[in-house]
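All remarks here apply to the structure that follows.
We did not get these values from a lab; they are worked out from the coordinates using the rules stated. Note that this is a predicted model, so its numbers are computed, not measured. Cβ sites come from the backbone with ideal geometry, for glycine too, and all protein chains shown count toward neighbours.
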Amino acid sequence: EVIIVCLAAQFNGSETQQASLPPSNEQHRQLRAPGGGFKSIKHGSPGFCGILGERIDPTIQLEKQIWYHGAISRTDAENLLRLCKECSYLVRNSQTSKHDYSLSLKSSQGFMHMKLTKTKEKYILGQNSPPFDSVPEVIHYYTTKKLPIKGAEHLSLLYPVAVRTL
């Protein structure tokens, strides 16, 4: 049985929203909905690792995006992606640079971690992407375009890995 530890909580103003595990022997998770709140999903269900073609709304701020996991480590990101399909992804805070983020992606070769760097109020993925106004705009763009990263040129961002809490 696979257990994923609670890695993130959502705060709405000063109130904390908490979700509890449904009383059952089956493994369930809580999926953060784009507008806030949570919905229950079962391990292995289609929503666990993302749904192909799930629309990314670049107008929603980063902290409210279901694929933004905040301050999790590279190892934690890989553990989440391990259960998912190729082209599954999540965004997390960079461990090496306070104001940057990392895009973690599962490829056929394993896991890739790409830096999302902020330069002059714009965000760039790796070293060769066009500049974007926000991280959600970067992610939205690469859901339909190939990544500009060596070793991932054939990949797009297809399956967002949603934040789940126990």
Environment charge at Ser129 (Cβ cut-off 12 Å; Lys +1, Arg +1, Asp -1, Glu -1): +3
Could you work out the local net charge near Gly70, counting Lys and Arg as +1, Asp and Glu as -1, over the other residues with Cβ closer than 10 Å to its Cβ? 0
Please give the net charge around Gln61, taking every other residue with its beta carbon less than 13 angstrom from that of Gln61, where Lys and Arg add +1 and Asp and Glu add -1. -3
